[in-house]
Amino acid sequence: MNEKLPLSNRLLSLDFLRGITMVFLTLESTLLFEHLVPVVKGGWGEGILNQFFHHPWHGLHFWDLIQPTFMFVAGVALAFSVKKQRQTLTWRQSFIKILKRCGWLFFWGVFDYAVRKNGLSFELWDVLTQLSFTTLVAFLIMDWPVYMQIIVSGICLLIPEFLYRYAHVPGFDQPFVDQHNFGNYIDTLLMNKINPGGWVAINCISTSAHTIWGVLAGKLLMSDRTGAGKMKWLVGSGFILLALGFGLDWTNITPIIKRIATSSFVLASGGYCVLVLAVCYWWIDIQKHRSRLMFFNLFALNSIFIYLFFEIVGDRWFTGYILTITQGVFDIIHVPMLAAAILGSLVVFALEAGMLYFLYRKKIFFKV
């Protein structure tokens, strides 16, 4: 895994950030974090492991930053992709290309949750479904002046904020209460159901800001500014977003709630995304620490493939099948059940990583 990275002109910090995000998501899909719960229960590690699960409602865990990073990185990549497209395509041709991509993202996002044990289901809570909307919004305004894009991102935050507070629908008129907010009401109109975990489809409105900010960050990184100048803007913007997000929460104006993507959550998580990108950019692209990135690059180059694989194939068959095999083998050699479960998850992860390595060696890259 120490081979030289392909495409040396790529922004390697972007590939690393996208890759490590997908590594975390893949590890979660193997049930590793769930298998670790009994190991740390009651000990100092319990608090750390809790960070790898979504916060139940009002608050922020590390795991709540994974989807924002996914959507933010998509925005950064969009800026690079569109710049390359503009060398050969007109705006209209580029728009059609993006529209098709968003259509596929929407299809796969719906398909991911479509097949249930009790029949077919129509749901709009998947990250790909959300991304299909945020990508289109970010693309449509990406040629506007920077201040206008920032204003639009602010409007994306204010629209749900206003609706949650002032759309008084009977039974759904408690702005930030699970199962009784405006987002839940819209879900009953769109899907005739409410997500028991509190997720809502209109998250795509406020989280459009993540993708818009990603585009702005991508344009900054492609600009002629010096590395120090780019870092100044990234770090400054990141801390401003953090201050705004946590400020709204600490002053009890708007609570940080990931499951309904409140404005304070989007601001705070967006701040973390920008700061993490700044750190990666400084370490990898400015300081030139580029060795040992191949492993993460495998996940970055085929991020859509591995996501759909562990969400659809893995969740419905592969993960359980491999865990059953490993459990049987470890039983034979008398490995304790808990250790066998953890090792089984690692085997699933290794097989999926090996699959990505095979695709890389064959130069097969899945894109939508």
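The values are calculated or read from the model by the stated rules, or taken from the named source; none is laboratory data. This structure is a prediction, so every number in the text was calculated from the model and none was measured. Cβ: placed from backbone, ideal geometry, glycine included. Neighbour counts: every protein chain shown. Note: areas computed on protein heavy atoms with side chains; ligands, DNA, RNA excluded. Shrake-Rupley method; radii C 1.70, N 1.55, O 1.52, S 1.80 Å.
Tally up the residues in the range 86-111 that are aromatic (Phe, Trp, Tyr) and under 15 Å from Asp143 (Cα atoms), please. I'd like the intermediate steps shown before the answer.
Taking the range 86-111 first, the residues aromatic (Phe, Trp, Tyr) are 91, 95, 104, 106-108, 111.
Add one more test, that the residue is under 15 Å from Asp143 (Cα atoms), and what stays is 91, 95.
Residues flagged as aromatic (Phe, Trp, Tyr) and under 15 Å from Asp143 (Cα atoms) within the range 86-111 amount to 2.
Within the group Phe295, Phe299, which residue is farther than 20 Å from Phe52 by Cα and either assigned to a helix (DSSP H, G or I) or open to solvent by 20 Å² or more (accessible area, probe 1.4 Å) (or both)? Give the derivation first.
Numbers: Phe299 fails: farther than 20 Å from Phe52 by Cα.
Matching residue, one of Phe295, Phe299: Phe295.
Of the residues Val40, Val127, which single one is farther than 22 Å from Gln149 by Cα, buried (at least 17 other Cβ atoms within 10 Å of the Cβ) and of a type in the set (A, V, I, L, M, F, W, C)?
Working: Val40 fails: buried (at least 17 other Cβ atoms within 10 Å of the Cβ).
That would be Val127, the only listed residue that is farther than 22 Å from Gln149 by Cα, buried (at least 17 other Cβ atoms within 10 Å of the Cβ) and of a type in the set (A, V, I, L, M, F, W, C).
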Practice problem: Output the number of residues of the range 45-76 satisfying the condition of being more than 24 Å from Leu32 (Cβ to Cβ) and either surrounded by fewer than 21 Cβ atoms within 10 Å (Cβ to Cβ) or modelled with pLDDT under 95 (or both). | Solution: 2
Exercise. Out of the residues in the range 121-148 that are under 13 Å from the mean Cα position of the chain (by Cα) and not in a helix (DSSP H, G or I), state the one that is farthest from Val200 (Cα to Cα).
Key: Asp126
Quiz prompt | Contacts under 6 angstrom Cβ, first residue in the range 210-229 being modelled with pLDDT of 95 or more, partner open to solvent by less than 40 Å² (accessible area, probe 1.4 Å) and not in a helix (DSSP H, G or I), 6 or more apart | solution = Val215/Met142
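Does Phe358 satisfy the criteria of being at pLDDT below 95, part of a helix (DSSP H, G or I) and farther than 30 Å from Lys258 by Cα? Spell out how you get there, then give the answer.
Details: at pLDDT below 95: no; part of a helix (DSSP H, G or I): yes; farther than 30 Å from Lys258 by Cα: yes.
So Phe358 does not fit the description; no.
Within the group Thr262, Thr251, Thr326, Thr319, which residue is out of contact with any strand residue (DSSP E or B) (no Cβ under 8 Å at 6 or more places or on another chain) and surrounded by fewer than 16 Cβ atoms within 10 Å (Cβ to Cβ)? Working first, answer last.
On the way: Thr262 fails: surrounded by fewer than 16 Cβ atoms within 10 Å (Cβ to Cβ); Thr326 fails: surrounded by fewer than 16 Cβ atoms within 10 Å (Cβ to Cβ); Thr319 fails: surrounded by fewer than 16 Cβ atoms within 10 Å (Cβ to Cβ).
From the options Thr262, Thr251, Thr326, Thr319, the qualifying one is Thr251.
Just name the residue that is nearest to Asp126 (Cα to Cα) out of those in the range 193-206 that are of a type in the set (Val, Ile, Thr) and open to solvent by 10 Å² or more (accessible area, probe 1.4 Å). Don't jump to the end; show me each part of the working.
Going through the range 193-206, the residues of a type in the set (Val, Ile, Thr) turn out to be 194, 200, 202, 205.
Imposing the further condition that a residue be open to solvent by 10 Å² or more (accessible area, probe 1.4 Å) reduces the set to 194, 202, 205.
On the way: Ile194: 14, Ile202: 12, Ile205: 14 Å.
Applying the filter and picking the extreme gives Ile202.
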Quiz item: So which residues in the range 194-239 are outside any helix (DSSP H, G or I) and more than 20 Å from Thr254 (Cβ to Cβ), if there are any at all?
Solution: Ile194, Asn195, Pro196, Gly197, Ser223, Asp224, Arg225, Thr226
Exercise. Starting from residues that are open to solvent by 10 Å² or more (accessible area, probe 1.4 Å) and either touching a Lys or Arg at 6+ places or on another chain (Cβ under 6 Å) or touching a residue at least 24 places away in the same chain (Cβ under 8 Å) (or both), keep the ones in the range 103-120 and report whichever is farthest from Ile202 (Cα to Cα).
Key: Val115
Practice problem: Please enumerate the residues belonging to the range 173-199 that are free of Cβ contacts under 8 Å to residues at least 60 places away in the same chain, of a type in the set (Asp, Glu) and within 13 Å of Arg259 (Cα to Cα). | Solution: none
Quiz item: So which pairs qualify, if the first residue must be in the range 328-345 and over 16 Å from Glu34 (Cα atoms), the second must be assigned to a helix (DSSP H, G or I), the Cβ gap must be under 8 Å, and the two must be at least 6 apart or on different chains?
Solution: Phe330/Ala339; Phe330/Ala340; Phe330/Leu343; Phe330/Gly344; Asp331/Ala340; Val335/Leu343
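Out of curiosity, is Pro170 over 26 Å from Lys97 (Cβ atoms) and crowded, with 16+ Cβ neighbours inside 10 Å?
Numbers: over 26 Å from Lys97 (Cβ atoms): yes; crowded, with 16+ Cβ neighbours inside 10 Å: no.
For Pro170, the condition - over 26 Å from Lys97 (Cβ atoms) and crowded, with 16+ Cβ neighbours inside 10 Å - is not met.
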